[in-house]
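Take a look at the structure set out below.
The values are calculated or read from the model by the stated rules, or taken from the named source; none is laboratory data. None of these values were measured; they are calculated from a predicted model. Backbone-built Cβ (ideal geometry, glycine too); neighbour counts: all protein chains shown. Each accessible area value is taken on the protein alone, full model and side chains, heavy atoms only, with ligands, DNA and RNA left out. Shrake-Rupley method; radii C 1.70, N 1.55, O 1.52, S 1.80 Å.
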Amino acid sequence: MDLGESIQELLHELQPFAVIGNNTGKTSLILTNYMVFLIIAIALTIVFFVVASRKLTLVPKGVGNIAEWGVEFVRNNIVLDVMGSEGMVYLPFIVTVFFAVLFNNFLGLIPGLKPGTGTLGTTFAWGIMVFVVYNWVGVKKHGLVPYLKSFLPSGTPWWLVWLIYPLEVISHFLRPFTLGVRLYANMYAGHIVLGIFGIFVVMSLAALGPVTAVVGTLSLVMQIIMYAFEVFVAFIQAYVFAILTTVYLNGALHTH
Amino acid sequence: MEAIIPYTSELLVSLVSFGVLFIALWKFALPPIMKMLDERAEKIKDSLEKAEETRVEAERLLDEYKEQLAEARQESNRVIEQGRKIAETMKDEIVAKANEERESMLARAREEIQGEKRTAMAELQAQVADLSVAVANRLIGTTLSANDHKSLIEKFVAEVGSLDAE
């Protein structure tokens with residue numbers, strides 16, 4: 001098998017496929033491989049937090065301490081930082097966003113498994129969900145018409161409204177896409193990079209010689225470095241997704 | 001482009017999964033965690049406050065003890081000083097009294113000596129007179145008239161008496 005074929009196969013392997021059901025099209029009733037990993041990651045998240053919340057001690061220790069640390073991180077570094085104490089109402093939602101993304105990203109880092117966030121189906125759905133939630137919060141706070149009016153930045157000259165307002169509306173509607181594509185692309189690209197270095201290592205071993213020994217060793221080193229980097233990306237993307245959700249919520253509450 | 005379009009079933013499964021996770025965290029996991037975080041924050045705040053209170057109290061006690069110690073030192077100095085003064089006065093008194101006593105003893109002794117001396121003199125004079133008469137009798141072998149005796153004695157006594165005058 002040459003390099004081109006291997007990469008083709010890698011890309012093909014990263015596509016969703018039906019584990020249960022018959023894949024007859026985008027709207028067919030199937031359970032894809034990514035959904036299996038997603039459900040595993042979500043189940044693990046639930047088990048982790050429910051177990052941790054039953055094992056809390058005043059002097060922090062063990063699994064309870066890790067869960068507390070995570071919640072405290074979201075509370076202090078995301079919710080309180082962006083929204084202040086009024087954001088505490090949304091803490092459960094933002095905690096869920098953060099840990100749903102984080103656990104899925106991390107699960108994909110276990111060799112052989114894939115992240116539930118590695119398919120657009122998941123990331124786009126969650127992007128739309130965030131879009132619906134923050135707009136609903138804005139409408140509830142200000143009323144539909146004042147909220148829609150607030151899309152226009154204050155101080156816009158009247159003769160520019162025809163241009164600015166549609167742009168602002170479009171930028172809002174782009175948010176679920178940017179949220180979804182950013183997370184998906186990061187996970188997808190990370191797996192391609194790891195996969196390609198993996199292919200290099202395997203191909204070098206298959207045709208062992210002086211040159212391939214060097215290439216294979218370097219590829220293995222690169223794969224280890226990239227793996228560490230992907231752990232970092234997995235965390236950063238969860239943080240970015242959660243903080244953008246918070247920023248959008250804050251923007252909906254405090255219209256300009 | 002076709003590959004980019006998500007599967008409808010993926011959208012649904014991920015939304016439902018998110019919903020389940022949200023309810024699990026919101027209803028079951030987060031309340032105890034938030035409660036614990038608040039409790040701990042409260043506990044730490046209390047502990048810090050209590051520590052501060054204890055520190056202030058300790059400082060107050062230290063000041064109090066220092067003050068008491070200073071007072072005690074002052075008091076002891078005062079007592080020692082007083083003691084010294086009393087001792088000095090007593091010493092002076094004792095010395096003065098001793099001097100006085102010595103003086104009076106000396107004076108009495110002097111007086112007694114004078115008295116004894118006078119008595120001794122008188123006795124001596126009497127004996128000398130008798131002795132003189134006896135000696136004269138023996139030497140002269142004759143008896144002088146009473147008048148001779150008398151004048152002789154008086155003359156002699158006057159001589160002896162002049163010794164006493166010294």
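Numbers for the structure displayed
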item	result
Cα gyration tensor shape of region A:3-253, rounded if a/c is under 1.5, else prolate or oblate by comparing a/b with b/c	prolate
From phi via Karplus (6.51, -1.76, 1.60), per-residue ³J(HN,Hα) for region B:46-61 in Hz, x at Gly/Pro	4, 4, 5, 4, 5, 4, 5, 4, 4, 4, 4, 4, 4, 5, 4, 4
The protein assembly as shown: calculated mean residue ellipticity at 222 nm from DSSP helix runs of at least 4, using -39500 (n - 2.57)	-28000 deg cm²/dmol
Given A:K140/B:K35; A:K55/B:K27; B:K27/B:K50; A:K61/A:K114; A:K26/A:K140; A:K61/B:K45, the pairs whose alpha carbons are separated by over 24 Å	A:K140/B:K35; B:K27/B:K50; A:K61/A:K114; A:K26/A:K140
In order through region A:14-28: 3J(HN,Hα) via Karplus (6.51 cos²θ - 1.76 cosθ + 1.60), integer Hz, x for Gly, Pro	7, 6, x, 9, 6, 8, 10, x, 9, 7, 9, x, 5, 9, 5
Length released on extending from B:E81 to B:E53, taking residue separation times 0.36 nm less the Cα-Cα span	5.9 nm
Whole-angstrom gap from region B:86-146 to region A:35-92, using each part's C-alpha centre	125 Å
Phi-based couplings in Hz for region A:198-205 (Karplus 6.51, -1.76, 1.60; Gly and Pro marked x)	x, 4, 4, 4, 5, 5, 5, 5
Zone of B:S151's modelled label, taken as backbone nitrogen in region B:101-135 under 18 Å from a point 7 Å along Cα→Cβ	B:133
Gained length - B:I140 relative to B:Q68, 0.36 nm times residue gap less alpha-carbon distance	15.5 nm
Highest to lowest packing among A:161-173, B:32-44, B:5-17, scored as the average C-beta count within 10 Å	B:5-17, B:32-44, A:161-173
Residues with amide H under 5 Å from that of A:T32, placed H, sequence gap 5 or more	A:V19
Label-point separation, B:E103 to A:E72 (7 Å along Cα→Cβ), nm	9.4 nm
Exercise: per-residue mean of other protein chain Cβ atoms within 10 Å, A:3-16	1
Solvent-accessible surface (1.4 angstrom probe) belonging to B:D92, in square angstrom, nearest 10	90 Å²
Cβ-based net charge around A:V169, under 14 Å, with every Lys or Arg adding one and every Asp or Glu removing one	+1
Relative contact order, percent, chain A [alpha-carbon distance under 8 Å, six or more residues apart]	25 percent
Distance in nm between pseudo-label sites at A:V214 and A:A228 (7 Å out along the Cβ direction from Cα)	2.4 nm
Cut-off 14 Å between beta-carbons: net charge of the residues surrounding A:T123, Lys and Arg +1, Asp and Glu -1	+2
